[in-house]
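Shown next, in structure tokens, is the structure this report addresses.
The values are calculated or read from the model by the stated rules, or taken from the named source; none is laboratory data. Here the structure is a predicted model, which is why all the values come from computation and not from measurement. Each accessible area value is taken on the protein alone, full model and side chains, heavy atoms only, with ligands, DNA and RNA left out. Shrake-Rupley method; radii C 1.70, N 1.55, O 1.52, S 1.80 Å.
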Amino acid sequence: MTRTLDPALAGLAQGWCALSALHGRIEAHIERALQAGHGLSVREFSVMDVLSRQHSGEGGHLRMNEVADAVVLSQSATTRLVNRLEDRGLLTRYLCLTDRRGIYTDVTEAGLALLAEARPTNDAALREALREAAARPELAPLVAAVESLAPAS
């Protein structure tokens, strides 16, 4: 029995494949640059970046599940990643003063210095990966969509 494909569904599947390819290309490009220049993975950079944006105001500190959601990892994988970064002296944990059950994680001075050093590498690798992807006809519309999300400067 021959099944006909729903053209709309086939188009969605093709779009998803292109989006997945764009993501994979960008992540691999940034990964190579961060590893070579700073000994950081994309996930490590992302966790440190998210944690560096915390503040002491209301809702300013993130729980581990919020960090996991922000970097699209499971909570257990995020905890293991935070443990490794803490072992490297890049993160520190402490008890919440108002809720002794809560444990917060902050980026250390060494972590902030490494993050500041790695940020230009991350940004340059992102720009380069997008430029390379834009040259591929199947990815060019997605690159344009990503670039349209950037705030006007």
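Roughly speaking, what is the stretch gain from H55 to H23, that is 0.36 nm per residue apart minus the C-alpha to C-alpha distance, in nm to one decimal?
8.6 nm
Whole number in Å², please: accessible area per residue of the chain, 1.4 Å probe, ligands, DNA and RNA not counted.
About 64 Å² of surface per residue is accessible.
Any chance you could tell me what percent of the C-alpha pair distances in the chain go past 23 Å?
In whole percent, the long-distance tail amounts to 50.
Could you tell me the extents of region 68-126's C-alpha atoms along the three principal axes, largest first, rounded to whole Å?
Extents along the principal axes: 41, 26, 20 Å.
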